[in-house]
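So the structure is just underneath, and the comments pick up after that.
The values are calculated or read from the model by the stated rules, or taken from the named source; none is laboratory data. Everything quoted here is computed from the prediction, not taken from an experiment. Here the Cβ positions follow ideal geometry from the backbone for every residue, glycine too, while neighbour counts run over all protein chains shown. What goes into the accessible areas is simple: the full protein's heavy atoms, side chains included, and nothing from ligands, DNA or RNA. Shrake-Rupley method; radii C 1.70, N 1.55, O 1.52, S 1.80 Å.
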Amino acid sequence: MNSARRIGAISALPSTLAQLALRDKQQAASASASASVSNGSESSAAATQRPQTQPPSVPAATAAAVNKLQLSDTSASVTSSNGDSNKLTHDLQEKEAQQQLKPQKPPLPVRQKPMEIAGYVGFANLPNQVYRKAVKRGFEFTLMVVGASGLGKSTLINSMFLSDVYNAEQYPGPSLRKKKTVAVEATKVMLKENGVNLTLTVVDTPGFGDAVDNTNCWVPILEYVDSKYEEYLTAESRVYRKSIPDNRVHCCLYFIAPSGHGLLPLDIACMQSLSDKVNLVPVIAKADTMTPDEVHLFKKQILNEIAQHKIKIYDFPATLEDAAEESKATQNLRSRVPFAVVGANTIIEIDGKKVRGRRYPWGLVEIENLTHCDFTALRNMVIRTHLQDLKDVTNNVHYENYGCRKLSELGLVDGMARLSNKNPLTQMEEEKREHEQKMKKMEAEMEQVFDMKVKEKMQKLKDSELEMARRHEERKKALELQIHELDEKRREFEREKKEWEDVNHVTLEELKRRSLGSNSSTDNVDAKKEKKKKKGLF
């Protein structure tokens with residue numbers, strides 16, 4: 001009986017340890033165990049001395065459990081504690097099973113702070129290496145200007161880069177140009193500033209909007225943009241692609257006429273076509289023809305029409321929260337879109353200060369004064385602050401979209417998907433049958449065309465034969481008429497001859513004989529004279 005109780009107590013040892021792991025239930029269980037042990041061991045106090053408080057750690061609890069196993073007289077108390085511990089173990093197992101069934105949330109990422117280095121290692125020099133490599137390689141930038149002739153596109157480009165990109169000799173004004181069709185002309189120049197080389201490519205579109213019918217006049221511009229994307233994609237697909245020239249259009253300045261009446265239908269159609277392919281920046285040309293209030297209202301109207309027709313223009317990148325100054329500058333540039341600009345290459349001196357501007361009878365317009373126009377803001381945006389972002393957006397957005405369109409076109413045949421999950425052999429058989437049907441259709445069409453051409457040729461031969469017969473009849477009638485006229489003239493001649501002979505009583509034959517006789521006599525006289533001359537000489 002004692003051995004059975006001892007075995008039951010030993011089997012209850014894991015449940016006792018699990019009970020001790022829970023602090024709340026452990027206190028109640030230890031209190032009941034200590035009370036039962038003190039009641040059953042009054043005769044052997046030395047053997048049952050133990051602390052009445054909760055053991056501080058798991059090893060102490062294990063020792064207390066072993067001491068309880070050595071007490072053979074406390075069977076009733078151990079049996080009751082054994083039942084309680086089994087119940088607690090069952091509850092713990094259920095809780096663990098429920099916790100395992102619950103989906104555990106992934107731990108939140110802990111942001112590790114950078115570890116400061118005690119000394120100098122050298123990787124802080126990496127920005128300098130990148131800078132030296134970039135300066136040695138140089139930079140490339142392609143700027144496209146689109147707009148009607150006479151809006152000052154060439155003047156604005158020369159003013160932005162402070163150089164004669166467009167000179168008067170090679171690029172005459174719009175009034176002196178002979179070509180009136182839309183053409184795309186690229187001008188490449190090398191600019192150098194403080195040791196930094198910039199290969200600038202300016203793409204102009206002379207003749208845009210000059211025709212009476214300007215339907216699809218922006219198609220050559222789209223074809224040029226796509227051709228540059230295609231060139232870059234082909235260069236990337238080659239095996240040897242060490243250096244790839246980047247001639248893609250990074251920015252497009254679209255010039256809007258300062259009419260004050262919003263965008264023209266041509267402007268809307270062209271901007272909608274270009275907005276998905278390039279970074280589009282709207283520009284109000286010749287802003288000095290309007291007052292500041294008119295410029296402000298005109299900008300609002302243009303922005304409303306752009307939003308109404310869902311035209312995507314260049315969106316300035318978001319700045320970091322801690323970069324307050326950069327955020328303020330970006331917000332200032334965003335508030336000036338579309339940029340109202342004035343171009344001028346003339347330097348005017350005022351009170352000893354030289355400025356670029358235009359002089360009018362009513363005053364002076366300084367193009368680099370933000371209170372007069374947005375030329376400085378546009379130049380800063382295109383060149384100083386957002387040039388690299390324009391290139392990044394072109395590469396990461398527009399060029400990737402072009403690549404996706406090209407890949408999607410590869411899987412289409414006549415506008416339908418070519419890729420399928422069919423068996424390759426079955427698909428080849430179907431393609432073969434489609435090819436044979438296509439060849440038969442082409443053969444039938446060619447036979448039909450051949451028969452039609454033969455019929456046309458036969459009809460032409462018949463027509464030519466009838467024409468020749470008609471001409472033959474006409475010529476025959478004309479010859480018969482001429483013969484009849486000649487006969488009439490001959491009879492008239494015979495009649496006149498007979499009348500003359502009757503009047504002179506001499507026939508024509510007799511006159512011929514007389515004339516021949518007189519000629520022979522004169523010849524004889526001349527011969528005799530010649531002989532006499534010869535005799536006199538000898």
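Starting from the Cα-Cα distance between residue 454 and residue 470, subtract it from 0.36 nm times their residue separation and give me the gain in nm to one decimal.
3.4 nm
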| request: Report, please, the projected area of the stretch 332-471 averaged over directions, based on the convex hull of its C-alpha atoms, in nm². | output: 23.9 nm²
| query | Quick one: ranking 500, 218 by accessible area, 1.4 Å probe, largest first, what do you get? | reply | 500, 218
| field | Distant-in-sequence amide H partners of residue 340 (H built 1.01 Å from N, under 5 Å) | value | 284, 374
| request: Find out how many positive minus negative residues lie around residue 347, taking Lys and Arg as positive, Asp and Glu as negative, among other residues whose Cβ is under 13 Å from that of residue 347. | output: +2
| request: Using a 1.4 angstrom probe on heavy atoms only, work out the carbon and sulfur share of the accessible area of the stretch 255-367 in %. | output: 52 percent
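Please give the peptides 472-484, 229-241 ranked by average Cβ packing (other Cβ atoms within 10 Å per residue), highest first, as a rough proxy for protection. Numbers along the way, then the final one.
Values: 472-484: 10.0, 229-241: 11.9.
Top to bottom by mean Cβ count within 10 Å: 229-241, 472-484.
For the stretch 254-362, with every protein chain kept in place, what is the accessible area per residue (1.4 Å probe, Å²)?
58 Å²
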| Highest mean first, what order results for 205-212, 461-468 on Cβ atoms within 10 Å? | 205-212, 461-468
| request: Roll a 1.4 Å probe over the protein heavy atoms and report the accessible area of residue 123 in Å², nearest 10. | output: 120 Å²
| task | Count neighbours as other Cβ atoms within 10 Å of each site's Cβ, and list the GluC sites (Glu not before Pro) in the stretch 242-330 that are DSSP loop with at most 13 such neighbours. | result | 321
| said: Please state the shape class of the stretch 301-363: rounded when a/c is under 1.5, otherwise prolate if a/b exceeds b/c and oblate if not, all from the C-alpha gyration tensor. | reply: oblate
